[in-house]
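Take a look at the structure set out below.
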Amino acid sequence: MSDPRITSSIFTRGAVDLSTLRGPAPASTRPGTPPQSGPSNSAPGAPAGGDTAIVDVTEATIQSDVLERSMATPVVVFFGAAGFPESDEFAPVLERLNAEGGGTWVLARVDVQENPRIAQMFRVQGIPMVYAVVGGQPVDAFSGVVPEAQLRQWIQAVLKAGGVTVAEPEDPRLDEADDALMSGDLDAAEQAYRKILADAPADAAATAGLAQVGVARRVAGADPSAALAAAESAPDDVAAQLLAADIEVLSGLAEQAYARLVGLVRRTAGEDRETVRQHLVSLFSIAGPDDPAVASARRALASALF
């Protein structure tokens, strides 16, 4: 599972020892804390608002609410404190996503000012901080606030680590981008897809959408029959071949387009070859990596390159 914010996971520096969290901490072990925090609105360890998928954790309840519960359901532990702006802003996002999850994961909230010993054992150095606990063990963590799109992907990875099969949530921004593409508003579609990719660079649907915008722009105003005829008469004309491949993809002849460009890769060199390769990879992204035709064409491309 990849961390959405830091490249080196804190778990590479040693495992978190949770064994000492099973008993109450003496008051003398608690360090001083900032004065901004107010009292919790719900009883410690009690479900928030009657939702058993959200619990407020203390040292007395961490064994049952986090460690034992994570044996059956992934638990996301949120470390925060009232009165700290980033913590106050991020907590509702986690709570909303938890509600959308429909019980597939538990949100365990820890007030670091009320429970400093738990924070110490989890090596919390700043808030907000979020841990994923699966099977009684921490599996990943991040600190600070992350964009919601990245948070959704991280939670999906946590669920997969816990063996939970869930449908990927739909991003309403993607629907808006797709609508703009279908209506021919290419500028709006491109802007929408790029905004999604800024938050989630690996979003396959947005990558495919952006590639479709590119194809639509390149074929705008072209005469398909004339373009294909021009490519047929000039097999080494890079621009003519690229346009022909775009038209073939839009015509449902993707395999033919892939073969056309793989052949062109074999016949070109230098900058021309790289231009063709990048164009072909962009067309691959429209279909997706699981498409058998893409897999076959990727193998052919590798053979042509090496």
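The values are calculated or read from the model by the stated rules, or taken from the named source; none is laboratory data. Everything numeric here is computed off the predicted structure, so don't read it as measured data. Every residue, glycine among them, receives a Cβ derived from its backbone with ideal geometry; neighbour counts consider all protein chains shown. Just so you know, the surface numbers come from the protein's heavy atoms only, side chains and all, with ligands and any DNA or RNA stripped out. Shrake-Rupley method; radii C 1.70, N 1.55, O 1.52, S 1.80 Å.
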Failed item in (1) of a type outside the set (K, R); (2) open to solvent by less than 30 Å² (accessible area, probe 1.4 Å); (3) farther than 16 Å from A157 by Cα, with N98 passing the rest: (3)
Would you kindly identify the strands (runs of 3 or more DSSP E) lying entirely within the range 103-194 that contain at least 2 residues that are open to solvent by 50 Å² or more (accessible area, probe 1.4 Å)? 137-143
Across the range 74-93, what is the number of residues that are over 15 Å from F122 (Cβ atoms) and touching a Phe, Trp or Tyr at 6+ places or on another chain (Cβ under 6 Å)? 1
Given (1) modelled with pLDDT of 90 or more; (2) open to solvent by 70 Å² or more (accessible area, probe 1.4 Å); (3) closer than 25 Å to A149 by Cβ, A60 misses just (3)
Output the residue which, of all residues in the range 198-232 that are outside any helix (DSSP H, G or I) and among the small types (G, A, S), is surrounded by the fewest Cβ atoms within 10 Å (Cβ to Cβ). G221
Looking only at residues that are among the acidic types (D, E) and without any contact (Cβ under 8 Å) to a residue 40 or more places away in the chain in the range 255-275, which one is most open to solvent (accessible area, probe 1.4 Å)? E271
